[in-house]
Amino acid sequence: MKTLLFQVILAAHLGPLAPEAPLREPQMAASSSMVGLTYGAGNGIYFRASYDAGKTFSAPVQVAAGGIVPLSRHRGPRIAMIGNTIVITAVTGQKAAEGAHAHGLPSDGDLMAWRSTDGGKHWSAGAAINDVPGAATEGLHSLAGDGKSILFAVWLDKRAKGTKLYGARSTDAGSTWQKNAPVYESPAGTICECCHPSVAIDGIGQVLVMWRNWLNGNRDMYLARSADGVTFARQEKLGAVSWALNACPMDGGGLAVSGAKVVTAWRRGENVFLAEPGRPETQIGTGKDVALAVNGDRTYVMWVNGGAIEAWTGGKAAALAKAGAFPSMTSLPQGGVLAAWEQDGGIEIRRLE
């Protein structure tokens, strides 16, 4: 095993709630005093809090439950913190979709948001973000906040023929959501149908959205920006090389901002690339299911390679675990990042410095 350029600290292992309900799709957000963790298990969405940078976590609190809760291929819940408010989003439905490509999705799913103002002990009733019922049945979405009052959710939308990219902004920490705004519609009739989008809000309030497009036979990553969360412009392809593929890789990559710096990481073929907008991409590894975080001037990337979890920073990569799936990361105010992934029916958590 190669030596990493950061220290790996064992943080926590969270076991499954029951053998038939493994913990799926972990996602995290951090504030100055808390790390919030959300994941799915069975037909429920759960939350746990850590007050020691991820070394220990509180008992799980069920945020919500649904008849159908998609928890495959990056379809799990998302989390953001706005002041003392925690917001979790997920797609839930009651009726299962039918057909060979259903993938356990609902036919009546909506993108729901729940809020807590007491550290995650109690949660509000869910409120639908998509304003056309059933538009978010694909289950793939992302959520970001500015840490003050603004949130932005983006999702793959099916309100019309073809898969499009839609979003919605909240200016009151998730109490209400504005009218849905089209982020991007491919002239080919659809964007990549099963790759999750990513979203970030920079220091001046600009919303940045990344997605995998389907244009001219290529499945390339694109980035769009918006000053108001309503009108998106400057749509640009990421990377210099294209990926000609008549299939969906079901892998959307990661997006992060630090000051004025925008960083993206994603998969093309069997390789993992790191790229800044307007610059050529750099291959940093081999694998899929890429996660990304930035803390100060340091960039951290994780992915799955042949079933193993690998991490990269400072130009070098090495394995973190021999087996795992669907890694995620969040930067910590104390420095470094917290990483989490599925393993043996539970969730493994590490602090990387």
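The values are calculated or read from the model by the stated rules, or taken from the named source; none is laboratory data. Quick caveat: nothing in here was measured; it's all calculated off a predicted structure. FYI the Cβ positions are ideal-geometry reconstructions off the backbone, even for glycines, and counts take in every protein chain you see.
The set of residues in the range 70-97 that are surrounded by fewer than 21 Cβ atoms within 10 Å (Cβ to Cβ) and among the polar types (S, T, N, Q) comprises 72, 84, 85, 94.
So, in the range 257-270, how many residues would count as being at pLDDT 95 or above and surrounded by 16 or more Cβ atoms within 10 Å (Cβ to Cβ)? Break it down stepwise before answering.
Start the filter on the range 257-270 by keeping residues that are at pLDDT 95 or above, which leaves 257, 262-270.
Filter once more, so that each one left must be surrounded by 16 or more Cβ atoms within 10 Å (Cβ to Cβ): 257, 262-268.
So the count comes out to 8.
Please determine whether any residue of the range 199-212 is buried (at least 22 other Cβ atoms within 10 Å of the Cβ) and among the basic types (Lys, Arg). The answer is yes, given that some residue of the range 199-212 is buried (at least 22 other Cβ atoms within 10 Å of the Cβ) and among the basic types (Lys, Arg). Filter the range 328-352 down to the residues that are under 13 Å from residue 54 (Cα atoms) and part of a loop (DSSP other than H, G, I, E, B), then identify the one that is nearest to the chain's Cα centre (by Cα). Within the range 328-352, the match that is nearest to the chain's Cα centre (by Cα) is 332. Of all residue pairs spaced 6 or more apart or on separate chains, those with beta-carbon atoms under 6 Å, a first member in the range 40-61 that is assigned to a loop (DSSP other than H, G, I, E, B) and a second member that is surrounded by fewer than 22 Cβ atoms within 10 Å (Cβ to Cβ) and of a type in the set (Ser, Thr, Tyr) are 57/50.
Okay, residues lined up against (1) among the aliphatic types (A, V, I, L, M); (2) over 17 Å from residue 329 (Cα atoms); (3) over 19 Å from the mean Cα position of the chain (by Cα):
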residue	(1), (2), (3)
217	no, yes, yes
231	no, yes, yes
248	no, yes, no
262	yes, no, no
269	no, yes, yes
274	yes, no, no
277	no, yes, yes
280	no, yes, yes
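I need a count of the residues in the range 294-311 that are buried (at least 18 other Cβ atoms within 10 Å of the Cβ) and more than 23 Å from residue 72 (Cβ to Cβ). Number of matching residues: 6. One residue stands out in the range 17-30 among those that are at pLDDT 95 or above and not hydrophobic (A, V, I, L, M, F, W, C): the one that is surrounded by the fewest Cβ atoms within 10 Å (Cβ to Cβ), namely 22.
Is it the case that residue 163 is polar (S, T, N, Q), under 12 Å from residue 197 (Cβ atoms) and without any contact (Cβ under 8 Å) to a residue 40 or more places away in the chain? Judged against the criteria, residue 163 is a match. If you go through the range 319-339, how many residues are within 17 Å of residue 7 (Cβ to Cβ) and either of a type in the set (Val, Ile, Thr) or in contact with a strand residue (DSSP E or B) (Cβ under 7 Å, 6 or more places away or on another chain) (or both)? Total meeting the criteria: 11.
Please verify whether residue 174 is in contact with a Phe, Trp or Tyr (Cβ under 7 Å, 6 or more places away or on another chain), modelled with pLDDT of 95 or more, closer than 22 Å to residue 50 by Cβ and assigned to a loop (DSSP other than H, G, I, E, B), treating the condition exactly as stated. The answer is no for residue 174.
A single member of 176, 231, 137, 163 is more than 20 Å from residue 257 (Cβ to Cβ) and exposed (fewer than 15 other Cβ atoms within 10 Å of the Cβ), and it is 176. On inspection, residue 289 fails the criterion of being within 16 Å of residue 26 (Cβ to Cβ) and surrounded by fewer than 18 Cβ atoms within 10 Å (Cβ to Cβ).
Counting only strands (runs of 3 or more DSSP E) wholly contained in the range 62-163, the ones carrying 1 or more residues that are in contact with a Cys (Cβ under 9 Å, 6 or more places away or on another chain) and under 25 Å from residue 327 (Cα atoms) occupy 151-157.
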